[in-house]
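Working notes for the structure below.
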Amino acid sequence: MSAVGDDRDPRAAVLELQGIEKAYGTPQNPVPVLRGVDLCVREGDYVAIVGASGSGKSTLLNILGCLDRPTNGSYFLVGEDVATLDDLSLSRVRKTRIGFVFQSFQLVSHLTVEENVELPLLYARVPRKERRERSRALIEKVGLGHRGDHLPTMLSGGECQRAAIARALVNEPALILADEPTGNLDSKTSKEIMKLFVELHGSGRTIVMITHDPNVAAVAERRITLRDGMVASNENQRAAVAAEEAECSAN
Ligand code: ADP
Ligand code: MG
């Protein structure tokens, strides 16, 4: 396995970064933050990106989420070269390809759970009946069937995050991008939300999660550690667990 991924893996790449660099500051006086990140995430992967504060996680997340452009390098998302797209095209890519889950949920406070989940479909001009059906099915799936007509202010943190996850899924995005999704939750609720992510992964979703919490990172299939704006390690945790189990049963 290289830093980028296993070349023999037959699954299609959802995203591929090559030599991604990002510098802040001015062209005369650049402050390099990402210094050549290579990364491949394939269909059905569940990847956690970890790293100390200041290692470049948020900067990488902004690039992965098409919220910002790299200074150098290539980024292919579902085969499309997105590194150099203009703002309008980036916004199209965000809306159609990516489902975002944020630490602070970012639900619209004057809309009900159902209306929040429908929003991406409204932007995509999906007819009302289909919007309702799809949002209801997902609200049910994330365990909020009894809360569809509630406003976010009437919900617990865990329920808000479930609603946000339903909203992230409703457009059938190629990639779920989660930024510290349990950062505002107590440990019991965090575990429930992590369980939901494991279920989503089990049903074939592709997930990239940025977290500083080792417990959260531990449930992902792969863990990528950023250090000083570079990939310091790329561990396949499932393979490591399988190897450990094989060793135990051999002894
Ligand atoms: P992390 O999320 O891992 O804590 P960040 O991506 O937020 O790391 O930041 C990485 C480095 O880039 C830090 O040293 C930070 O000070 C610097 N940085 C982040 N954003 C900017 C910016 N807009 N302008 C200048 N420096 C920035
Ligand atoms: Mg950060």
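Candidates Phe105, Phe76: the one that is under 18 Å from the mean Cα position of the chain (by Cα), modelled with pLDDT of 95 or more and part of a loop (DSSP other than H, G, I, E, B) is Phe105. Tyr24 meets all of the listed conditions (1) touching a residue at least 12 places away in the same chain (Cβ under 8 Å); (2) within 16 Å of ligand 2 (Cβ to nearest atom) but one, namely (1). Just one of the listed residues (Gly65, Gly56, Gly51, Gly44) is in contact with a His (Cβ under 9 Å, 6 or more places away or on another chain) and within 15 Å of ligand 2 (Cβ to nearest atom), and it is Gly51. I'd like to check something: does segment 2-22 contain any residue that is part of a strand (DSSP E or B), within 12 Å of ligand 1 (Cβ to nearest atom), at positive phi and touching a helix residue (DSSP H, G or I) at 6+ places or on another chain (Cβ under 9 Å)? No: zero hits.
Residues that are surrounded by fewer than 19 Cβ atoms within 10 Å (Cβ to Cβ), on the phi < 0 side of the Ramachandran plot and without any contact (Cβ under 8 Å) to a residue 40 or more places away in the chain within segment 123-137 comprise Tyr123, Val126, Pro127, Arg128, Lys129, Glu130, Arg132, Glu133, Arg136, Ala137, listed in sequence order. The residues of segment 26-49 that are within 13 Å of the chain's Cα centre (by Cα) and within 15 Å of ligand 1 (Cβ to nearest atom), listed by number, are Ala48, Ile49. Within segment 130-176, the set of residues being β-branched (Val, Ile, Thr), in a helix (DSSP H, G or I) and closer than 17 Å to Phe100 by Cα comprises Ile139, Ile165. Within segment 79-97, the set of residues being over 20 Å from the mean Cα position of the chain (by Cα) and crowded, with 16+ Cβ neighbours inside 10 Å comprises just one member, Leu85. Here Val113, Val170 are screened, and the one residue that is under 26 Å from Val219 (Cα atoms) and out of contact with any Cys (no Cβ under 6 Å at 6 or more places or on another chain) is Val170. Checking each residue in segment 50-65 for being of a type outside the set (S, T, N, Q), part of a helix (DSSP H, G or I) and within 6 Å of ligand 1 (Cβ to nearest atom) picks out only Lys57.
The values are calculated or read from the model by the stated rules, or taken from the named source; none is laboratory data. What you see is a predicted model; the values in this text were computed from it and never measured. Neighbour counts are summed over all protein chains in view; Cβ atoms, including those assigned to glycine, are modelled from backbone coordinates with ideal geometry.
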